[in-house]
Amino acid sequence: NPQGLYDAPGGLFDPDSLRTISINFYDPNFHEILVDGWLSQSGVRLPATVSLSSGELLDSVAIRYKGNSTFAVANEDNNPKLSLNLDINDIVSGQKLMDYKKVKLANSLFDPTFCKEVVAYDIYRKYLPSAHANFMKVNLEGEYLGLYVNTQAIDKQFLDQHFNENDGVLFKCDPNAQFGQAEEEELATSYLEWLGTDSTLYYEHYSLESDHGWRELIHLIDAINSPILPIDSILNVDRVLWAFAVNTVLLNLDSYNGLFQHNYYLYQTGDGLFQMIPWDLTESFVGALLNYNSNITELYEYNPYNGYNSWWRPLCFQLTSDSANPFYRKLYTAHIRTVMEESLDAATIENKVAELQSLVASAAFADENQKFGTSQFYTNVQAPFIIPNEFSTAGILPSVVARETYLSSLPEIIASPPTISYHNVVSIGNTAFVSVHVSDATQVELMATISPYNSKFQSIQMLDNGTTGDEVSGDGVFTAALPFLNSQEDIKYYIRAQNADAVM
């Protein structure tokens, strides 16, 4: 159960808690120094004392401003509510805040509801390793700065939590260009396109966050762009397809298979495979990307296979185009179907937003530094918020309803997959047979692995022919022997069935 990898209730990211964090810098000129640090990309941090309303008090926490457009726009408006990156143990080795070494506080500048990112992360965590997110009130130098979204860092602690290791290659896939720079549009992608063997050609598009890794990243990009190298030998394809599926269902279009190819991490685990980890979900449910295209219907109906000609992006082409690998496309479609069925329910999302807003309403209404005031806190849940020629952001529920309607109109998504109704395991002698009842399938596979990374599943064909453990031929019960029984390792397995139209 992947949810067991996340914090228990009461932790720093408890969704039911709204704590206040108070920050006091030692240097009275902290603001000017940190702004200069952001503009120069020096990464400079300044020490401050940090305390939580739950009682924790820490000295010498290293802090810098963070963000891109959320920093640049707020700073240009002389808005003191800037996003903050707190490194708890940078100065005092081993120091933690409620067991965490980093805290990232986002100002939610373009989301009047404050809820889009928190709701999105709650859904992503069902399907692949993703960050925690909740809310926190911030006091700065004794004054209430505002309501923030508190997001877990993708760092060594996160890697330990989800992969039981932290020494692999880690890249943040976000270009170095800052918001408003002339070259930003040209550099605003981490699109995994082949640029050559010279690692310096990739420096502007990816940030190395481990001790080494450029050779490994270039090898991955080579595999993605070359039909010769098997992509599943270096990339956890199924996990990437889950990320793509959640991106497209939740209309998180500020992502690789959306409008802009960034906002993700790549981590190479000990099995040699790169894992895609989502990041920065602020534009979920279309969000402020409505500024990108004022025709909101075109965004609601973003094609999951070829939106804005996304087929030309190397990884989209390899995994979701019909010409490159039709089976990967069917897996992607199956994941879209699953996310829709489990997570794209307007009533459920509305109830979730109502719970969150009930928790933070007083903090949001007291936030005098939010960009648009308080009137849209509730109404932007139910409707888009548009200031002509200045700003626009889609509403949460209209995005959900329109997305469900559109995706449900696509023949590939509504195609009928096989039905898997039950399964069991029967031991006969030293062999364990997995049996499963499947209808409307042309192929049934037992997918099994003993990998501690839950990867590199081996496919074993399941048969309904009355032999090799199958009792009755043609009864719809497919059987295969479970492998790895003598390995003394935990065996993980699942059933995969397909027909000409779809996968289950």
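Summary table
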item	result
Gyration tensor (alpha-carbon) shape descriptor, segment 63-207, a/c threshold 1.5	oblate
Residues of the chain: accessible area per residue with a 1.4 Å probe, Å²	42
About the Cα centre, charge dipole magnitude for segment 203-272 (Lys/Arg +1, Asp/Glu -1 at Cβ), debye	160
For segment 449-504 and segment 122-166, distance of Cα centres in Å	37
J(HN,Hα) series, segment 427-441, from Karplus relation 6.51 cos²θ - 1.76 cosθ + 1.60, nearest Hz, glycine and proline x	8, 10, x, 9, 10, 10, 9, 9, 10, 8, 8, 9, 10, 6, 10
Rounded to 10°, Cα long-axis angle of helix 30-40 versus longest principal axis of the chain	50
(i) 17, 45, 32, 6, 0; (ii) 18, 36, 25, 15, 6, 1; (iii) 21, 54, 22, 3, 0, with the label sought being that of the calculated P(r) over Cα pairs in 20 Å bins from 0, in percent	(iii)
Sequence-distant residues sharing a close amide H with residue 19 (under 5 Å, placed H)	137
Whichever aspartates and glutamates have a C-alpha closer than 12 Å to that of residue 104, once near sequence neighbours (fewer than 8 apart) are set aside	87, 155, 280
C-alpha long axis of helix 326-343 to longest principal axis of the chain, angle in °	60
Cα centroid separation, segment 23-64 to segment 270-296 (Å)	28
Total formal charge among the other residues, if their Cβ is under 15 angstrom from that of residue 230, Lys/Arg +1 and Asp/Glu -1	-3
Which of 12, 277, 309, positive extreme of dipole for the chain (C-beta unit charges)	12
Computed magnitude of the charge dipole of the chain (debye, nearest 20; Cβ of K, R +1, Cβ of D, E -1)	420
Structure-based [θ]222 nm, the chain - -39500 (n - 2.57) summed over DSSP H runs of at least 4, per residue, nearest 500	-8000 deg cm²/dmol
Accessible surface of the chain [probe 1.4 Å, protein heavy atoms]: carbon and sulfur percent	49
Cα centroid separation - segment 231-268 against segment 323-355, whole Å	14
Rotationally averaged projected area of segment 343-394 (alpha carbon convex hull; nm²)	4.2
The chain: relative contact order as a whole-number percent, Cα under 8 Å and 6+ apart	12
Spherically averaged projected area of segment 377-493 from its Cα convex hull (nm²)	12.6
Exposed-site-free run, longest, the chain (rule: trypsin sites (Lys or Arg not before Pro); DSSP loop; at most 16 other C-beta within 10 Å)	127-455
Options 199, 83, 428, ranked by Cα towards positive dipole end of the chain, top entry (Cβ charges)	428
Computed lengthening from residue 36 to residue 357, 0.36 nm per intervening residue step minus Cα-Cα distance	112.1 nm
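The values are calculated or read from the model by the stated rules, or taken from the named source; none is laboratory data. Treat the numbers as computed from the prediction; the structure is a model and nothing was measured. Virtual Cβ from ideal backbone geometry, glycine too; neighbours counted across all protein chains shown. Just so you know, the surface numbers come from the protein's heavy atoms only, side chains and all, with ligands and any DNA or RNA stripped out. Shrake-Rupley method; radii C 1.70, N 1.55, O 1.52, S 1.80 Å.
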